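**Student:** Structure below; questions to follow.
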Amino acid sequence: MADELQMPFASRRTVSRPLVQTPRVRLNLERVQPFLYLLPALVLVFIWVYRPLIEIVGLSFNQWNLLPTSPKTPVGWANYQLVLGLPEIHRALLNTLVYTLGLLPFSIVIPIVIAIFTYGIRGRASTLYRAIIFTPVIIAPVVVTVLWRWILHPYSGVVNKGLQNLFGLAPINFMGDPLLMIPTITFITGWGLVGFCTLIFASSLTNINRDYLEAAAIDGANYWQIIRRVMLPLLSPSILFVTLLTVLFSSQWTFVHINILSLSSFRATTSNIYTVLYDYGFRSFNIGISSASAVLMFIGFGAIAIIFLWLQNRFSFYDS
Amino acid sequence: MIGVQTKSTASRLIGHALIIGLCLLVAFPLYWMLVTSVRPSSDFFNISLFPTGFTLEHYQYVLSNLPFGRLFLNTAAMASARTLAQVLTALLAAYAFARWNFVGKRFLFAMFTFTWLVPQQVTMIPNYVLVSQLGWLNALAGLIVPSMVSTFALFLLFQQIKGFPQDLFDAARVDGGSSWMILWQVLVPNLRAVIASLAILQFISAWNDYFWPLLVSNRMETGVLQLGLQAFFTQEGDLWGPMMAAATLTALPIFVVYVILQRQVVDSFIKSGLR
C-alpha cells in the first residue's frame, strides 16, 4: 500500500530531475524482488501442474496411443461418451465408493473412540503409544502390501495357521477370493491410516480448553453426555477435515495395494478410479479414454472439495 | 475438575486396553516381518510367535539376486535431491509471500493452494510425455525434477515465517542487510528446527514414493527400492524368507531415522495433517 502511494511521487521527481535515477531503479527492484523469490516455485508449478492440467483437456478430445510417432486424431466428445458408458469405469467408481466408505471406520470411527478414551493419558506411556501407532505412516506402502500378503497367506500365513489351529477353520484366501479382495485391501490401507488419524484427533482433543469439560462436569453432565455434547462438537472441524482427506485420497492410498496384488487377475474386480486411469493410460495406451476420465474425475473431486469447504464454514463449531 | 478425573478412571483403563490393542495390531506385522526374515528355511513352517534360530541366509539371497546397492543409492539420491530442492524452492517462495505485499499476491497464493486439488493421476500423461521428450526416462532427472516443488512445504514455511517478529526484519534492514542476507543470516538460522523436521518429512515421502517411479523407470539399474521390491515380489513370489528380508531392507533406513527422531517426525506429521 505504502509503495503504491509513493510511486507517482517518485516518478514525478524523476521527471523534473532526470539526473537522479537511483530512487526509481531501487523502487523497481524492490517491486520485482518478491517475484524473483517466487520464480523457481512458480516455474515448476506451471510446468508440472498447470501445463499438464491444460494439456490433459486437449488430449481428452483426441485419440492417441502415447507413441510420439503416431498422430493424434481429434474425435470431439466421443471419449467422454465412451467413458460414461464403459462398464469398467462404472465398476471402478462403485469400488471407489466402497473403498472410501470402508476406510471411514479406520480414519474416523476407531480413531475417535480411541482418542476419547485415551484423553488424559500423559507422560511416558503416551509417548510410547504415539511412537508405536504412528509407525505404519513411515513404512513404504509397497512394504505394507508384501508384508500383509505373507501374514494373510492362505496356507503358510500366520493368520490362517492360527485360525486353523484354534478353530479348525479351512484356509481363507484373503487375497485370492474375489469377494474378499476389496475388504482385504481396505483393511491393509486402514492399517496404515488408523494410527495417524488417532493422533490427529488426540491432538485436537488436547487443544480443547479443559474448562469446557470441567464446566460440563460441574453442571452434572455424565461421561457420555460430555462426550456427545462437548467433545464431539469440538472435534467436528477435525472430523470434517479427516473425512475430506479420506474421500479425496482413498484412491491414492489403495492404489499401491491394488496395483501390486492384482497385477493381472482380479484387476477388474478390485479396480478404483486411479487404477483404471493408469490402466487405460499405461497398459492399453488409450490416452483419449484415460484423459477424459481424468478430466471428469478432477471436476468431480473439485466439486466434492468445494462442498466440504462450504460445510466447514457452515457447520463447524470452533473453540475460540 | 474432580468430576472429570474420577469419572475417567474406568474409561482410562478401557483407554489403555484399546490403545494397547491398537499398538499390537500395528507392531505385530512389523515384528513378524523381522522374525520371518531371520528364520532358517528348515524351520519355515513353524509358526511359533518367537524367533526359532537365527540366520542371515535370506538377506544373502536378496543381496545376490537383487542389485540392492544400486537401488539403494538411486533411492537415496532421488530422496535427497527432491528434499533439498523442495525445501529451497519452498523457503524462497514462502519468504516472498510472508514478507512483501505485491500485485497479484492473493492470486499467486491461490494458485499454489489449488495444486492440492490436482492429483498426480490427472497430470501423469502430459508429464510422462514431457519427461520422455527430455530423454529423462530411466534417469535420475526424471525421478527428481517433476517433484522439486512442494506446496505443503511452502505453506508450512509460510506459516512459520509469518509468525516471525517483524522487528527482526526491520532491525536487519536498518543495519543495511539486503533481503537475501536477511533470509540466510536471520531467518534460516532461526528456522533451523522447522526446516529440519520438514526435510525429514519430505525425505520419508520421497523414499517411499511408488507411483511416479513406476511410470518413469522400468530398469533395475535406474530404478528405486520400491520398484525393486515389487519386481522381487512378482518374480520370487513365494520365497517368503527372502521376501521379508527385502522388505526389511527397504523399510530399514527410514525406520532408523524414525527411531532416532520419532518425536519431531510425529509432531510435524500431525501439524501437517491439521493445517
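Read-outs throughout are calculated quantities, based only on the coordinates presented, and are distinct from any laboratory measurement. These numbers were taken from a predicted model, which means no experiment stands behind them. FYI the Cβ positions are ideal-geometry reconstructions off the backbone, even for glycines, and counts take in every protein chain you see.
**Student:** Please say if region B:59-274 is rounded, prolate or oblate, where rounded means a/c under 1.5 for a ≥ b ≥ c the square roots of the C-alpha gyration tensor eigenvalues, and otherwise the choice is prolate for a/b larger than b/c and oblate otherwise?
**Tutor:** The shape class here is prolate.
**Student:** Using a Cα-Cα cut-off of under 17 Å, which aspartates and glutamates could be cross-linked to B:Lys162, ignoring same-chain neighbours fewer than 8 residues away?
**Tutor:** B:Lys162 reaches B:Asp170.
**Student:** So which aspartates and glutamates pass the test for A:Lys161, namely a Cα distance under 20 Å, with those fewer than 8 places away in the same chain ruled out?
**Tutor:** A:Asp177, B:Asp43, B:Asp238
**Student:** Calculate, for B:Leu13 and A:Asp177, the FRET efficiency according to 1/(1 + (r/R0)^6) with r their C-beta to C-beta distance and R0 60 Å; round to the nearest 0.05.
**Tutor:** 0.95
**Student:** Here is a further query. Select from region A:244-320 those chymotrypsin sites (Phe, Trp or Tyr not before Pro) which occupy a DSSP coil region and have at most 10 other Cβ atoms within 10 Å, ordered by residue number.
**Tutor:** Answer by residue number: A:Tyr318.
**Student:** Take peptide B:247-254, look around each residue's Cβ out to 10 angstrom, count Cβ atoms belonging to other protein chains, and average those counts.
**Tutor:** Going residue by residue through B:247-254 and averaging, the value is 4.
**Student:** To continue, here is another question. Which of rounded, prolate or oblate describes chain A when judged by the alpha-carbon gyration tensor and an a/c cut-off of 1.5?
**Tutor:** Working: a/c = 2.42, a/b = 1.23, b/c = 1.97.
Oblate, since a/c reaches 1.5 and b/c is not below a/b.
**Student:** Next up: Taking the Cα centre of chain A as the origin, how large is its charge dipole in debye, to the nearest 20, when only Lys and Arg (+1) and Asp and Glu (-1) carry charge on their Cβ atoms? All intermediate terms of the calculation are to be shown ahead of the outcome.
**Tutor:** Details: 20 positive and 11 negative charges, 142 e Å.
Using Cβ point charges on Lys, Arg, Asp and Glu, chain A gives about 680 debye.
**Student:** What spacing in nm lies between the two simple spin-label points modelled at B:Ala193 and B:Asp170, each 7 Å away from Cα in the Cβ direction?
**Tutor:** That separation, rounded to one decimal, is 2.6 nm.
**Student:** Taking the Cβ of each residue in A:Ile273, A:Ile307 as the centre, tally the other Cβ atoms inside 10 Å and list the residues starting with the fewest.
**Tutor:** By the 10 Å Cβ count, ascending, the order reads A:Ile307, A:Ile273.
**Student:** Tilt of helix B:240-274 relative to the longest C-alpha principal axis of chain B, in degrees (0 to 90, nearest 10)?
**Tutor:** Between helix and principal axis, roughly 30 degrees.
**Student:** Let me ask another. Suppose a student asked you for the relative contact order of chain A, using Cα pairs under 8 Å spaced at least 6 residues apart; what percent would you report?
**Tutor:** Result for chain A is 28 percent.
**Student:** A further question follows. On full extension of the chain, what length is gained from B:Asn138 through B:Glu57, given 0.36 nm per residue of separation minus the C-alpha to C-alpha distance?
**Tutor:** Net length gain for the segment: 26.0 nm.
**Student:** Still on this structure, please answer the following. List the aspartates and glutamates whose alpha-carbon lies under 20 Å from that of A:Lys72, not counting same-chain residues fewer than 8 positions away?
**Tutor:** A:Glu55, A:Asp279
**Student:** Rank these for me by crowding, A:Glu88, B:Glu221, going from fewest to most other beta carbons within 10 Å.
**Tutor:** If I rank by nearby Cβ atoms, fewest first, I get B:Glu221, A:Glu88.
**Student:** Pick out, in residue order, every one of the trypsin sites (Lys or Arg not before Pro) in region A:80-135 that is DSSP loop and has at most 12 other C-beta atoms within 10 Å; say none if there are none. Please report the intermediate quantities before stating the final value.
**Tutor:** Numbers: sites: A:Arg91, A:Arg122, A:Arg124, A:Arg130; in loops: A:Arg122.
Loop-located and lightly packed - A:Arg122.
**Student:** To continue, here is another question. Got a sec? How would A:His90, A:His153 order by Cβ neighbour count within 10 Å, fewest to most?
**Tutor:** Fewest to most other Cβ atoms nearby, the residues stand as A:His90, A:His153.
**Student:** In addition: I'd like the mean, over residues of A:63-70, of how many other protein chain beta carbons sit within 10 Å of each residue's own Cβ.
**Tutor:** Mean inter-chain Cβ contacts per residue within 10 Å come to 1.
**Student:** Mind ordering A:112-119, B:260-267 by average Cβ neighbours within 10 Å, highest first?
**Tutor:** Those peptides, ordered most packed to least, come out A:112-119, B:260-267.
**Student:** Continuing with this model, one more query. Under unit Cβ charges (Lys, Arg +1; Asp, Glu -1), what dipole magnitude, rounded to 20 debye, does the protein assembly as shown have relative to its Cα centre?
**Tutor:** So the magnitude is around 1180 debye.
**Student:** Obtain the nm distance between the two label points defined at B:Glu236 and A:Leu97 by a simple spin-label model: each point lies 7 Å from its Cα along the Cα-to-C-beta direction.
**Tutor:** Rounded to a tenth, the inter-label distance reads 4.4 nm.
**Student:** Sticking with this one: Would region A:98-240 count as rounded, prolate or oblate if I go by the C-alpha gyration tensor, calling it rounded below 1.5 in a/c and otherwise prolate when a/b exceeds b/c, oblate otherwise?
**Tutor:** prolate
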